[in-house]
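Each reported figure results from applying straightforward, stated rules to the coordinates on display, with no laboratory input. Predicted, not measured: the structure shown is a model, and the values here were computed from it. FYI the Cβ positions are ideal-geometry reconstructions off the backbone, even for glycines, and counts take in every protein chain you see.
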Amino acid sequence: MKIKFKALASLAVISITTLLLESCTADADSSGLEYMPDMYRSPAIEPYVDYGEVRGRENKDMKMKISALVPPMGTVPYFGTDSATVNLMLPYFRKANVAFRETHGLYGANLSIVDEYALAIADKNPTKLSAENVESVFKQGKELYTAMCQHCHGEKGDGNGPMVLSGAYAGVPNYVDRAALSDGQMFYSIYYGKNAMGSHSSQLNKKEIWTLVHYVRKFQNAEYGKFDATGATVVAMQASDTLVKK
């Protein structure tokens, strides 16, 4: 009886060892042999996958159908329950001009025949700077600017970014020359694009764009965002804690 038990135990050890070894591979990019893929692979729809052929089974009715679809117009992601944050992240109420369809590729967007860039002059930055939040706002602004803007506008906002110096692009403005623009116009330009610059609405949300507007103001006036001992601003800001929503 003991001999049979030892034989079975040895056989079990050999089987398990063989199974484990077969799961291994010399290819560093391989995840090994998958025994139970349904246990750890998400059944969720994956974008850009041809679901007409899954695991060797072909469904001609599903061949080459796009699984990554654009969300319905006006769809708003969940941003929590804070009313100020939710209102800030609602779809931008200003529309791009119909000319942007051809000049900036805004096909399918809800466009306007009115020049709403001119109307945006009255819009204020809803992210109000204070002595308590100014450091974090500028820190995030710098991160966003470095990732999304610096390659053209330059580290100092002078329009001499690497893409400009390489000769790939020309005509990028110096931010100091745009100090007269309102916060709303700067936001509109980043959101929809302006001249040779394309729209960044798919890359930056509204809060991030308003944060960038604050950061750009720092290029135009080194005293922007500074507060005195009483907590008052050193220079007048164009920011407000409200935003017209009509």
Inset, instruction - Please report how many Lys pairs in region 83-220 have alpha carbons closer than 18 angstrom, counting only residues at least 8 apart along the chain or sitting on separate chains. - result: 23
Legend entry - Calculated FRET efficiency for the pair A222/E58, C-beta based, R₀ 51 Å, to 0.05: 0.20
Inset, instruction - Enumerate by residue number the trypsin sites (Lys or Arg not before Pro) in region 118-167 meeting two conditions: DSSP loop (anything except H, G, I, E, B), and at most 16 other Cβ atoms within 10 Å of the site's Cβ. - result: K128, K156
Legend entry - Principal axis box of region 127-246, alpha-carbon based, largest edge first, Å: 48, 34, 24
Legend entry - 5 angstrom amide H check on N97, placed H, neighbours 5+ away: S112, E116
Legend entry - Coil-residue GluC sites (Glu not before Pro) of region 114-207, DSSP, other Cβ within 10 Å capped at 16: E132, E155
